Protein chains: 2
Amino acid sequence: MASNVGKMARSIPEETRTRLFLYLRELRCLQKKGICTIPSQRLAEACHVKSSTVRKDLSYFGEFGVRGVGYEVDGLTNELRSILNLDQIVKVALVGVGNLGKALLGFPGLEDEGFKIVAAFDADERKIGQKIDRVTVEDASRMEERIEAQDIRVAIMAVPASEAPAVAQRLAEANVNAILSFAPCELNIPPDIKISCVDLASEMARLVCCV
Amino acid sequence: MASNVGKMARSIPEETRTRLFLYLRELRCLQKKGICTIPSQRLAEACHVKSSTVRKDLSYFGEFGVRGVGYEVDGLTNELRSILNLDQIVKVALVGVGNLGKALLGFPGLEDEGFKIVAAFDADERKIGQKIDRVTVEDASRMEERIEAQDIRVAIMAVPASEAPAVAQRLAEANVNAILSFAPCELNIPPDIKISCVDLASEMARLVCCV
């Protein structure tokens, strides 16, 4: 069932899918504030889109919302998570347990979204064997076999930029499907592996260039 | 001179400006690899745009590149940094010195791009007074006056999501112009303050939803 929904998600127009993530993010914020229902107009305003767009986007997937009341926050959240194939726990491997890696291990947002870091690797002998937030740091030299043995398909790389290409290569060999990287440079891995790059320096530059 | 260039940057079409950041990022990677020149065709391919687009984008700002040789990496990097008003050191305040904050204090990419964290604040008494990468952690209760005294206009918030709205409010009162936030929710601050939000959970969700 979930995999059918996942297949369906692939045919959603790109713009709609992008907006579904916006709606989901706003709904998560409403949940944190303890808000149970939201009129489509308010959801639209919070996401900076027209309310007719919200209704049209959601109409792809059936009937949501009650006229005059709006959407039920928990219900719509669950529906969107199912539509986007996010309703299962996704196992994640973390490579690099420096300050950034530690921050990610302790970051509640990931688990809230269904991502569970189940393995962490570092090359530093002083870190190997340490337990951080329920995860024991393992020897990076055994990364490929450990990732394959646990059938982990998603990895986060929190390693220095200079090490990123080699680590990405090894993750590709371990049959990882998707990588979140904090290194700004191209990684030259097979095109069937999805990469998302969080480039903090570029984010800062973009933010400040017009101040 | 630099401020004139900065003013000019505001009238660059949005799409061109977005691509200038792509070019700059690629050029930085070439610098790290020790590559000195790049043909426009290769720069275009690396950024996934047409080479005629690269040439057109750059032609807004004068003549760059040598026919048959291409662009000189260091020279074009400096020109783009000047065009985007990124050729000055920008002072940054960091709020929150947990693992993420520590990672940011030790992150060479920020300083490479001209951002210097000159002040760091935390509410935890055990952290106040600690020196981390040349910056001494200060008492968050004095944040506003310390930011104003040092004329800091850019801040990074590395605080838990629950604290983010109040911290953002205080940064607004300290006359900060731009905030990089790691909290996913809306911050309700005046619209003249630029905010860039690095939402790691959403990045992960987006990355994985079509795996």
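Derivation of every value follows stated rules applied to the coordinates shown; laboratory data play no part. The model shown is predicted, which means the values in this text are computed figures rather than measured ones. Note that each Cβ is placed from the backbone with ideal geometry, even for glycine, and that neighbours are counted across all protein chains shown.
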Exercise. Using +1 at the Cβ of each Lys and Arg and -1 at the Cβ of each Asp and Glu in chain B, identify which of B:Ile89, B:Ser52, B:Gln31 lies farthest towards the dipole's positive end.
Key: B:Ser52
Quiz item: Tally Lys/Arg at +1 and Asp/Glu at -1 over every other residue whose Cβ is under 13 Å from the Cβ of A:Glu163; what's the total?
Solution: 0
Quiz item: If you take every DSSP beta bridge whose two residues both sit in the protein assembly as shown, what share of them, in percent to the nearest 5, is antiparallel?
Solution: 20 percent
Self-check item: Under the Debye formula (equal points on every Cα, no solvent term), log10 I(q)/I(0) of chain A at q = 0.08, 0.12, 0.17, 0.18 Å⁻¹
Solution: -0.35, -0.76, -1.20, -1.26
Exercise. Tally the DSSP beta bridges in segment A:93-211 and give the antiparallel ones as a percent, rounded to 5.
Key: 10 percent
Quiz prompt | Check: segment B:25-103 dipole with +1 on Lys, Arg Cβ and -1 on Asp, Glu Cβ, in debye | solution = 260 debye
Quiz item: Using alpha-carbon positions, what is the distance between the centroids of segment A:54-85 and segment B:187-211, in Å?
Solution: 21 Å
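In nm, what is the difference between 0.36 nm times the number of residues separating B:Arg134 and B:Asn175 and their Cα-Cα distance? Don't jump to the answer; show the numbers that get you there.
On the way: separation 41, 0.36 × 41 = 14.76 nm, distance 2.47 nm.
Length difference between fully extended and current span is 12.3 nm.
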Exercise. Only loop residues by DSSP count here, and only those with at most 15 other Cβ atoms within 10 Å; note down the trypsin sites (Lys or Arg not before Pro) in segment A:11-99 that meet that.
Key: A:Lys33, A:Lys50, A:Arg67
Self-check item: Where chymotrypsin sites (Phe, Trp or Tyr not before Pro) fall in DSSP loop in segment A:37-132, at most 16 other Cβ within 10 Å
Solution: A:Tyr60
Self-check item: Mean separation of Cα contacts under 8 Å, 6 or more apart, over the residue count of chain B: relative contact order %
Solution: 14 percent
Quiz item: How long are the three semi-axes of the equivalent ellipsoid for segment A:21-63, computed from the Cα gyration tensor as the root of 5 times each eigenvalue, in whole Å, largest first?
Solution: 18, 11, 9
Self-check item: Axis-proximal residue, chain B, for the rotation superposing B on A (Cβ, Å)
Solution: B:Asn99, 2
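Using a 10 Å cut-off around each Cβ of peptide B:94-102, what is the average number of partner chain Cβ atoms that fall inside?
3
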Self-check item: Point-charge dipole on Cβ atoms (K/R +1, D/E -1) for the protein assembly as shown, about Cα centre, debye to 20
Solution: 640 debye
Quiz item: Taking the Cβ of B:Gly65 as the center, what net charge do the other residues with Cβ under 15 Å away carry, scoring Lys and Arg +1 and Asp and Glu -1?
Solution: -2
Practice problem: Could you please report the charge total around B:Glu145, scoring K, R as +1 and D, E as -1 over all other residues with beta-carbon less than 14 angstrom from its beta-carbon? | Solution: -3
Quiz prompt | Options B:Ser202, B:Ala164, B:Ser141, ranked by Cα towards positive dipole end of segment B:135-211, top entry (Cβ charges) | solution = B:Ser202
Quiz item: By how many degrees, between 0 and 90 and to the nearest 10, does the Cα long axis of helix B:14-32 differ from the longest principal axis of chain B?
Solution: 90 degrees
Quiz item: Are there GluC sites (Glu not before Pro) in segment A:8-115 that DSSP puts in a loop and that have at most 10 other Cβ atoms within 10 Å, and which ones?
Solution: A:Glu63
Quiz item: Taking square-rooted eigenvalues a ≥ b ≥ c of the alpha carbon gyration tensor, is segment A:2-83 rounded, prolate or oblate, where a/c under 1.5 means rounded and, failing that, a/b exceeding b/c means prolate?
Solution: prolate
Quiz item: Taking the Cα centre of segment A:1-132 as the origin, how large is its charge dipole in debye, to the nearest 20, when only Lys and Arg (+1) and Asp and Glu (-1) carry charge on their Cβ atoms?
Solution: 100 debye
Self-check item: Degrees between helix A:164-173 axis and first principal axis of chain A (Cα, 0 to 90, nearest 10)
Solution: 80 degrees
Quiz item: When the helices in chain B are scored as -39500 (n - 2.57) per DSSP H run of 4 or longer and the sum is shared across all residues, what 222 nm value do you end up with, to the nearest 500 deg cm²/dmol?
Solution: -12500 deg cm²/dmol
